[in-house]
Amino acid sequence: MRKLALHWKIVIGMVLGVLLGFTLLQFESGPQFVKNWIEPIGRVFVRMLKLIAVPLIVASLIKGISDLKDISKFKSMGVKTIVTYVLTTVVAISIGLAIVNVFKPGEGVSQDTIYHLKETYASSSVIQKKISEAENQKNSGPLQFIVDMVPDNAFKAMSNNRMMLQVIFFTICLGLSMLLIPEKEAKPLKDFFDSLNSVVLKMVDLIMLFAPIAVLSLLTTVIVNTNDGGILLALLRYAGVVVLGLILMIVVYLILVSVYTKKSPIWFLKQISPAQLLAFSTSSSAATLPVTMERVEEHIGVDKEVSSFVLPVGATINMDGTSLYQAVAAVFIMQVLWPEGLGFTNQLIIILTALLASIGSAAVPGAGMVMLVIVLDAIGFPKEMLPIGLALIFAVDRPLDMLRTTVNVTGDACVSMVIAKSEGKLGEPKVKNWDDHYKNEDVNQ
């Protein structure tokens with residue numbers, strides 16, 4: 001009997017998680033039971049993925065660069081990657097602005113809903129924290145993001161997943177330096193990272209064995225912690241516009257895959273689906289990165305030289321889903337609270353600010369709201385109304401965060417295919433299972 005594919009196991013875990021969550025909501029002690037006995041399983045799984053993210057980036061990026069043999073190839077690939085990510089982000093923001101101006105979801109929110117949201121969330125410590133974080137970023141100099149890319153301590157950078165750009169900067173410097181010394185001297189270090197890369201990828205396979213159970217845990221926790229259903233219903237139109245935009249962005253990726261790489265869009269979605277499902281469950285591009293790399297390399301056929309650079313960079317600077325959300329959320333808030341600010345100039349500023357804010361934004365849950373504060377501040381949104389504006393969207397931020405992270409990860413995979421095709425590095429998939437070596441050992445014995 002054929003084994004059930006991983007993505008179907010994860011889907012079953014998601015369905016059971018949703019059903020279990022709604023079931024436990026019927027019991028008074030349900031939320032506490034989830035917090036004590038179910039939520040920790042999902043948290044352990046996410047920690048395991050984050051645990052191997054940095055070692056995988058370091059090992060695979062150094063392997064990819066050292067295999068290039070020529071620095072000029074790295075320069076070409078780097079320029080293509082950054083330009084492609086910028087273009088897809090601009091497309092995403094433009095789609096968001098187009099649909100939010102067509103459907104005008106802000107016109108359907110009643111004053112009672114605004115008052116209820118204000119009373120419930122405006123003074124929330126979470127919202128105040130997001131505003132404070134955005135204020136700190138805004139007060140930084142125009143070149144601060146470049147300063148933040150350069151670590152003063154490589155080991156400190158590797159100890160924090162929020163410092164992914166610093167890890168990438170150090171790793172690129174190390175890899176390029178290996179190309180500039182005699183091959184004989186670089187070989188011991190290259191062999192070490194080649195071996196480390198293989199070991200960490202095997203760890204990904206082992207961790208993914210627990211994915212269905214972990215996804216059940218994560219979805220159950222989300223359902224149990226869901227906010228007031230009445231508020232969610234009131235914001236359904238806004239959420240629907242965001243979801244429509246995200247679907248349209250997925251369509252853009254599928255067109256790119258079909259037209260440029262000549263691969264089947266359905267095949268692409270099937271191969272990347274485990275990473276998409278994990279992105280949906282964890283709301284974290286960083287936590288999903290090891291799985292994304294494994295799926296893109298082994299199941300799609302992107303050469304490690306490409307994936308090891310394009311995907312870690314994408315997890316940090318490519319926030320297509322989040323940027324689209326910024327556009328919709330910013331205009332939605334303006335439609336409700338500040339309609340006089342809905343001018344063409346302000347919408348151009350939204351495109352530029354959302355693009356810049358996405359670069360270097362942490363690939364962790366909730367980063368989108370910090371970016372939104374920066375975008376609203378750039379267009380001169382009244383500061384006294386900022387907490388109310390964030391309160392408007394806070395209730396549905398978590399489920400939308402799950403969806404936009406899925407789009408972010410899909411965009412990373414799509415761009416990696418495009419860059420690989422342009423570099424002649426898109427080959428045939430070479431799928432590896434967690435027990436391949438174990439089976440071979442059994443046969444040999």
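Could you grab the pairs with beta carbons closer than 8 Å, sequence gap of 6+ or different chains, first residue in segment 112-133 and free of Cβ contacts under 8 Å to residues at least 60 places away in the same chain, second one open to solvent by less than 80 Å² (accessible area, probe 1.4 Å) and among the polar types (S, T, N, Q)?
Taking only residues 6 or more apart or on different chains, not a single pair turns up.
Could you grab the pairs with beta carbons closer than 7 Å, sequence gap of 6+ or different chains, first residue in segment 33-59 and under 19 Å from F22 (Cβ atoms), second one crowded, with 23+ Cβ neighbours inside 10 Å and of a type in the set (A, V, I, L, M, F, W, C)?
I41/A214; G42/A214; G42/L218
Taking V58 as the residue in question, decide whether it is within 30 Å of A154 (Cβ to Cβ), in a helix (DSSP H, G or I), open to solvent by 10 Å² or more (accessible area, probe 1.4 Å) and β-branched (V, I, T).
Criteria met by V58.
Can you tell me which residues in segment 256-274 are aliphatic (A, V, I, L, M) and under 30 Å from I213 (Cβ atoms)? Please lay out each step first, then the result.
First pass over segment 256-274, keeping only residues aliphatic (A, V, I, L, M): 256-257, 259, 266, 269, 272.
I266, L269, I272 - these are the residues of segment 256-274 that are aliphatic (A, V, I, L, M) and under 30 Å from I213 (Cβ atoms).
Inside segment 305-330, can you point out the residues that are among the aliphatic types (A, V, I, L, M), farther than 19 Å from T171 by Cα and at pLDDT 90 or above?
Of everything in segment 305-330, those that are among the aliphatic types (A, V, I, L, M), farther than 19 Å from T171 by Cα and at pLDDT 90 or above turn out to be L324, A327, V328, A329, A330.
Do we have V100 as under 20 Å from E298 (Cβ atoms) and surrounded by 21 or more Cβ atoms within 10 Å (Cβ to Cβ) here?
no
Please determine, by comparing only the residues of segment 61-75 that are among the hydrophobic types (A, V, I, L, M, F, W, C) and surrounded by fewer than 21 Cβ atoms within 10 Å (Cβ to Cβ), which one is nearest to the chain's Cα centre (by Cα).
We begin by selecting, within segment 61-75, every residue among the hydrophobic types (A, V, I, L, M, F, W, C); these are 61-62, 65, 68, 71, 74.
Subsequent filtering for residues that are surrounded by fewer than 21 Cβ atoms within 10 Å (Cβ to Cβ) retains 68, 71, 74.
On the way: L68: 27, I71: 29, F74: 24 Å.
Top of the filtered list is F74.
Among the residues that make up segment 226-238, is at least one of them of a type in the set (D, E), in contact (Cβ under 8 Å) with a residue 24 or more places away in the chain and farther than 23 Å from M48 by Cβ?
yes
Kindly indicate which of I146, I181 is out of contact with any helix residue (DSSP H, G or I) (no Cβ under 9 Å at 6 or more places or on another chain) and outside any helix (DSSP H, G or I).
Exactly one residue qualifies, and that residue is I181.
Inside segment 389-399, can you point out the residues that are crowded, with 20+ Cβ neighbours inside 10 Å and part of a helix (DSSP H, G or I)?
Within segment 389-399, G389, L390, A391, L392, I393, F394, D397 qualify.
Taking helices (runs of 4 or more DSSP H) that do not extend beyond segment 294-388, which have at least 3 residues that are free of Cβ contacts under 8 Å to residues at least 60 places away in the same chain and open to solvent by 30 Å² or more (accessible area, probe 1.4 Å)?
344-358
Restricting attention to segment 103-119, and to residues there that are in a helix (DSSP H, G or I) and open to solvent by 60 Å² or more (accessible area, probe 1.4 Å), which single residue is nearest to I317 (Cα to Cα)? It would help to see each step written out before you state the result.
We begin by selecting, within segment 103-119, every residue in a helix (DSSP H, G or I); these are 103, 105-108, 111-119.
Now drop any that are not open to solvent by 60 Å² or more (accessible area, probe 1.4 Å), which leaves 103, 107, 111-112, 115-116, 118-119.
Details: F103: 29, E107: 33, Q111: 37, D112: 38, Y115: 36, H116: 36, K118: 32, E119: 35 Å.
If we take residues in segment 103-119 being in a helix (DSSP H, G or I) and open to solvent by 60 Å² or more (accessible area, probe 1.4 Å), then F103 is nearest to I317 (Cα to Cα).
Given the conditions (1) loosely packed, with under 14 Cβ neighbours inside 10 Å; (2) modelled with pLDDT of 95 or more, and given that T84 satisfies all but one, which numbered condition is not satisfied?
Against the list (1) loosely packed, with under 14 Cβ neighbours inside 10 Å; (2) modelled with pLDDT of 95 or more, T84 comes up short only on (1).
Evaluate the following for I95: is it closer than 20 Å to A315 by Cβ and crowded, with 21+ Cβ neighbours inside 10 Å?
Criteria not met by I95.
The values are calculated or read from the model by the stated rules, or taken from the named source; none is laboratory data. These figures come from a predicted structure and were not determined experimentally. Note that we place each Cβ from the backbone using ideal geometry, even for glycine, and neighbour counts take in every protein chain shown. For accessibility, only protein heavy atoms count, side chains too; no ligands or nucleic acids. Shrake-Rupley method; radii C 1.70, N 1.55, O 1.52, S 1.80 Å.
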